[in-house]
Amino acid sequence: MLPDYPRIKSRISKILLLRMKLSSWSKLGPLSQVRKKKVQEGDEYLFIRMDGTQDKTEFNEIKAEFILNKGEVENITMPDLIKLTDKTADEIAEKTAKKMYEGIGKGCDSVGNTVDAQGKPMSPDLFFKVLDKLQIDFDDAGKPMLPSVIVSDEKIGKKLLKDLKSNPKNDKIFTEIIDKKRREFYDREANRKLVD
């Protein structure tokens, strides 16, 4: 009888699962900065916004799998296993990002926080309309803590940056929006109720 090495197999399994988890999370880009909270039980959660509105959502299962037949298991190498887990991590990241963006879209739609481009390409005007709808916080020095801008294509993002920088009036519009958001922020902070 050949030795089984259960401890070694268990350790390799744990290492590969950890690699897959960390790899899939790191491939989410800006979404990887979203805070995570482990939920021990239940099949739905209730999201309560600052304005008191509520949104009940069910959990979504996100899974990916790979199947090895008996012949493959006998001949698989560690580099092969790493490739399989990395491919699976990519699939999980893609499905996770899709669900997260769908959730963000539904949330924005539900509070009227979307801008319909009506088929037009991204432009400084559209960007400013979006920026004007956002709630922006400021640090202790009064600098805006601007959100990440996520675009479907890197070329679109580069073109937007070029267009924003090419016209001096854009600086003025941006400054006006930030000044407005700063006043809104200070109003929110002044009206905030502190817990005793």
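The values are calculated or read from the model by the stated rules, or taken from the named source; none is laboratory data. Computed from a predicted structure; not experimentally measured. Don't worry about glycine lacking a Cβ; one is built from the backbone with ideal geometry, like all the others, and counts go over all protein chains shown.
Quick notes on this one:
- Every pair of residues 6+ apart whose Cβ atoms lie under 9 Å, when the first sits in the stretch 152-181 and is closer than 13 Å to Phe128 by Cβ while the second is hydroxyl-bearing (Ser, Thr, Tyr): Leu160/Ser123; Asp163/Ser123
- When Met50 is tested against (1) within 15 Å of the chain's Cα centre (by Cα); (2) exposed (fewer than 10 other Cβ atoms within 10 Å of the Cβ); (3) hydrophobic (A, V, I, L, M, F, W, C), exactly one condition is not met: (1).
- Listed by first and then second residue, the pairs with beta-carbon distance under 6 Å, at least 6 apart or on different chains, first residue in the stretch 64-91 and without any contact (Cβ under 8 Å) to a residue 40 or more places away in the chain, second not aliphatic (A, V, I, L, M), are Ala64/Thr88; Ala64/Glu91; Phe66/Thr88; Leu84/Phe66.
- Only listed residue being part of a helix (DSSP H, G or I) and either on the phi > 0 side of the Ramachandran plot or not assigned by TED's automatic domain parsing to the domain that holds Ile150 (or both), chosen from Leu46, Leu18: Leu18
- For Ala93, the conditions (1) touching a helix residue (DSSP H, G or I) at 6+ places or on another chain (Cβ under 8 Å); (2) assigned to a loop (DSSP other than H, G, I, E, B); (3) modelled with pLDDT of 90 or more; (4) not β-branched (Val, Ile, Thr) all hold with the exception of (2).
- The single condition among (1) of a type in the set (A, V, I, L, M, F, W, C); (2) part of a helix (DSSP H, G or I); (3) exposed (fewer than 12 other Cβ atoms within 10 Å of the Cβ) that Leu31 does not meet is (3).
- Segments classed as helices (runs of 4 or more DSSP H), wholly inside the stretch 96-196, with at least 1 members that are within 19 Å of the chain's Cα centre (by Cα): 124-133, 154-166
- Residues being touching a residue at least 40 places away in the same chain (Cβ under 8 Å) and surrounded by 14 or more Cβ atoms within 10 Å (Cβ to Cβ) - total across the stretch 95-128: 8
- Filter pass, Ile67 being surrounded by 11 or more Cβ atoms within 10 Å (Cβ to Cβ), outside the structural domain of Leu164 (by TED's automatic domain parsing) and either out of contact with any strand residue (DSSP E or B) (no Cβ under 9 Å at 6 or more places or on another chain) or modelled with pLDDT of 85 or more (or both): no
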